[in-house]
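The values are calculated or read from the model by the stated rules, or taken from the named source; none is laboratory data. Computed from a predicted model, the values in this text were never measured in an experiment. So basically every Cβ, Gly included, is an ideal-geometry build from the backbone, and we count neighbours across all protein chains shown.
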Amino acid sequence: MIHTTPRAWPGRAWFNVENCVSGAAVVALIVLVVLPLISLVWGSLWTGHGIGIANFSEVLSQRLYFDALFNSLTLGAWTALLSIVIGVPLAWAVIRTDLPGRQFVKLTATLSYLSPPFLVAIAYVNLFSPRAGVINAFLRHATGTSLFTFNIFSMPGLVLVTVLHTFPFVYLLTSSALSSVDASYEESAQILGAGKLRTLWSVTFPLVAPAILSGALIGFVNAIALFGSQAIIGLPARIFTLPTRIYALFDYPPEYGLASALSLVFVAITVLALYFQRSYLARRSYVTLAGKGARPQRLSLGALRWPLFTFCVLIFVIAVFLPYASLLAVSFSKSWGLDFWKNLTLKNYHFILFEYDVTRRAILNSLLLATLAATFCVIVGTAIGWIDLRTRFIGRKFVDYVSLIPLGLPGIVMAAALIQFWLRLPLHLYGTLAILFLAYAARYLPLGVRSANAAMRQIDPSLEESARILGASWSRTAREITLPLMRSGLFAGWILIFVPAIQELSASILLFSSNSMTLAVAVYNLYENGYIEPVAALALINAAIIGIAIFLANKVGGGDTRFESTSN
Amino acid sequence: MSEILLRNLSKSYSGTEGDHAAVSEVSLTIVSGEFVTLLGPSGCGKTTTLRLIAGYLVPDAGEIRVAGRLLSSPKSVVPPESRGMGMVFQNYAVWPHKTVFENVAFGLMLRNVSKTEARERVGRVLELVNLAGLDSRYPSELSGGQQQRVALARSLVVEPAVLLLDEPLSNLDAKLRERMRAELKTLQRRTGITFIYVTHDQSEALALSDHIAVMHAGRLQQYGTPREVYCEPANHIVADFMGLVNLLPARLVEVTGTASVFESGQVRMTIPRPSGMQVGARADLSIRPETIRLAASEADLPGAFPARVLEQTYLGNLNEYVIAAGETQLRVQADAQAFFSVGSEVFALIDAQQCRAFASADTDTP
């Protein structure tokens, strides 16, 4: 009994739903990523009257740009190193010891990761700016000299603020590696006579070393891409880095050629680091072998217990308590630095939420942009995941690779590429919400693709095949089987994009106008103009939105919000 | 009725070391209403053949016709959803987000069957597979065997002309497998649906099938009834795959009329020879362990040859021996009562009627 008439498939009927959806995703990928990137390369090679490498030779020879490159590398290297120093002990303590308060350490890492770095930078300026910083003022007052003060406007200050955002990468990768090292590896060493420390040193750490290094490299890439903290801390100290130097090149008169060349140098560093991270991790990842059934061994800390606990508490204080407590205090005071208890007020919140229409608009714009970008990226990501995993199109792997390109593009570079591409077209997108949407969509597309890819890998193809053989069409199968099964994974991906998008600064800073102001740009501009009390209030509202989003995600989506390697 | 015809079917996959032929030039006629098994070791091309029949794969060459209608050829393939077949997967593939009822009713919904009729038909088929009353359960609340029954019910409810089964029992434990095996056979008899069943388990194939297609290295080795493939294997590959076998290198030493004598070391046997085999040609003899009888003295087994016991293993229902006659070693299955200790002299007699001789395939002898 054959119920329907035969239909040629595949290769014959090109015009069907599957091909339309796949085609649309590829077009989106080209418009969002490929064409802007080509514009950037073109812009870097265009010297005004022909093609050449003049821009590159200027960027690589002039002190101005060379210093920026050097500062970025210094910042990245120190940040990566300190991320290991903080992240590895925390991970080990949580996964492998009987440390009290392990949940609290986990929470510290999560909150540090979620805190917008520019917010932490502003908080630390309030605490440690040379003269007005409250802790500095207190230390001066208490000791009578300024020997013990700490100037935040310095490279150490910048490293401090940045590492608070990047150590969670090392922490997360190391802890997941540590929890998949099966105890039998360590027990084998112990039965042969190795002591606990010897085992730790010669078995455990070598096994997770690829994960540690991988986390440090991701930390490096993220650290050098952060525009906000580098502008807030670096510029007053005259420390220019790649993002701030590229930003300065867009000041009137804009130097597109130099900006593009410098951007590509920036991209080269990022891509190199990510390449090492991938190949190193892929080649030397022993721990994945153990798989799910791994049973990690827990060590009794004994006398080491309290020193380690103190270390964890210290990290919490520096990474979470100090920034948030100071922002909270500042946001409720009439004027920071005066007697706190006599100056309590709610007027800062009133100001940014009700009086000042710029900040009100910024909040709404960011909510709109983050919602649209997250939805868009998840949809396109699903289509690209489908092409990669479920079709036999020639070049499907290539499509997948291209969709991951934005991982190698720092936000400000993405903005530089978009500006040049869209300025060439007769469409007037510059300064509109549309170009911000394009920037966010392009930046966060890899997160959408990865989430969808991971969700789709969980679905055995036979689940779809059995719908097909029962008579379901492609679109019916997608609607009834594939998408419902991917739902929680896609939802997690949506949150994964929404959270960084709501506080995006690196790309927005080049693309906004007064009409398309976003939350992070508003914070930055208010700070630049010295409104530190309203800034604190706005920053906390920003944090509250993220908190609410994650809370809702846990309620609705079953709480599967994993971290990824992109932030603002 | 809808006879299934595979003609010169070939399919290869491109891999890192060039193309790898998964199926080459398979031709097969499957009579409607039969229980047919594709049997072979993993990687022999049986699953690829099944997926070609289902329409998930496009053949590189050859064609598939059902009831005379061309369904697959390199140029065009009727998609799975238009073939009116059913398929049961190794991992059940029961949709975890749908209840048992929703799983089974899915195919009926696609065919716009009315709600009341669907309810009735689902009820009937669930009864058929012994799942009555579990309609509103989710797959995660069912055992492996129950999930397999849901998968079966889901395929059967739409009354396909052909049901394809890809190692459906391999994920079940031994007891359950035995029971499901019996149920599958009854189900096939009762519904009259053509079953095409893929397995690597020869005892499963022997127990279930009307016809068995033995496959190896992408090629069809033999197509015949269970009796034929076991007792009259077409070549040493089939003989070797269908249960335990002694494969002895031998030489054709004498031909008188239709009778031909083979010699392997000290063992001489009269076995029909493959057509065209000349005296002096090398051959492989396939001797099943259960066709060799052992005795303590020659008087008990006239015509037996002397041998020595090298190994003895007690298997409960039988005694297994490895014996040596000169250079030749043979595995023997004797009944549990007959006991010979290791090192003792015995006399062995091979039932030549149950043995086969094949042209030697030195390079391929396992």
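Points worth noting:
- Test: residue in the stretch B:148-171 that is farther than 19 Å from B:Gly107 by Cα, surrounded by fewer than 19 Cβ atoms within 10 Å (Cβ to Cβ) and not hydroxyl-bearing (Ser, Thr, Tyr): yes
- Condition met for B:Leu70 (under 22 Å from B:Val31 (Cβ atoms) and more than 10 Å from chain A (Cβ to nearest Cβ)): no
- Segments classed as strands (runs of 3 or more DSSP E), wholly inside the stretch B:267-366, with at least 2 members that are within 26 Å of B:His216 (Cα to Cα) and not small (Gly, Ala, Ser): B:282-287, B:328-335, B:356-359
- Residue count for the stretch B:253-293, restricted to those that are buried (at least 21 other Cβ atoms within 10 Å of the Cβ) and over 11 Å from B:Arg356 (Cβ atoms): 2
- Residues in the stretch A:151-179 that are surrounded by fewer than 17 Cβ atoms within 10 Å (Cβ to Cβ) and not in a helix (DSSP H, G or I): 1 in all.
- Against the conditions (1) farther than 22 Å from A:Asn542 by Cα; (2) surrounded by 22 or more Cβ atoms within 10 Å (Cβ to Cβ), A:Arg392 satisfies every one except (2).
- Flag for B:Ala205 being more than 14 Å from chain A (Cβ to nearest Cβ) and without any contact (Cβ under 8 Å) to a residue 40 or more places away in the chain: no
- Matching option when the condition is at the interface with another protein chain (Cβ under 8 Å from one of its Cβ atoms), more than 33 Å from the chain's Cα centre (by Cα), touching a residue at least 24 places away in the same chain (Cβ under 8 Å) and over 22 Å from B:Arg189 (Cα atoms), among B:Arg111, B:Arg137: B:Arg111
- Options A:Tyr440, A:Tyr430: the member that is over 30 Å from B:Lys98 (Cα atoms), touching a residue at least 60 places away in the same chain (Cβ under 8 Å), away from every other protein chain (no Cβ under 14 Å) and crowded, with 19+ Cβ neighbours inside 10 Å: A:Tyr440
- When B:Gln222 is tested against (1) in a helix (DSSP H, G or I); (2) touching a helix residue (DSSP H, G or I) at 6+ places or on another chain (Cβ under 9 Å); (3) of a type outside the set (D, E, K, R); (4) closer than 30 Å to B:Ala234 by Cβ, exactly one condition is not met: (1).
- Any hit, the stretch B:76-84, residues being surrounded by 20 or more Cβ atoms within 10 Å (Cβ to Cβ) and under 24 Å from the mean Cα position of the chain (by Cα): no
- Taking the stretch A:457-480 as the range and being more than 7 Å from chain B (Cβ to nearest Cβ), within 9 Å of B:Ala93 (Cα to Cα) and surrounded by 18 or more Cβ atoms within 10 Å (Cβ to Cβ) as the test, only A:Glu464 passes.
- Segments classed as helices (runs of 4 or more DSSP H), wholly inside the stretch A:338-416, with at least 1 members that are of a type in the set (Gly, Ala, Ser): A:357-390, A:396-404
- The listed residue being crowded, with 19+ Cβ neighbours inside 10 Å, modelled with pLDDT of 85 or more and within 31 Å of the chain's Cα centre (by Cα), out of B:Tyr314, B:Tyr321: B:Tyr321
- Screening B:Val58, B:Val94, B:Val31, B:Val104 for residues that are over 19 Å from A:Glu465 (Cα atoms) and either away from chain A (no Cβ under 13 Å) or out of contact with any His (no Cβ under 8 Å at 6 or more places or on another chain) (or both) leaves exactly one candidate, B:Val31.
- On inspection, B:Leu126 passes the criterion of being more than 14 Å from chain A (Cβ to nearest Cβ), without any contact (Cβ under 8 Å) to a residue 40 or more places away in the chain and in a helix (DSSP H, G or I).
- Verdict on A:Glu564 being modelled with pLDDT of 90 or more and among the acidic types (Asp, Glu): no
- Search result, residues across the stretch B:73-91 that are without any contact (Cβ under 8 Å) to a residue 24 or more places away in the chain and either at positive phi or more than 7 Å from chain A (Cβ to nearest Cβ) (or both): B:Ser73, B:Pro74, B:Lys75
- B:Asn171 meets the stated requirement of being within 14 Å of another protein chain (Cβ to nearest Cβ) and at pLDDT below 90.
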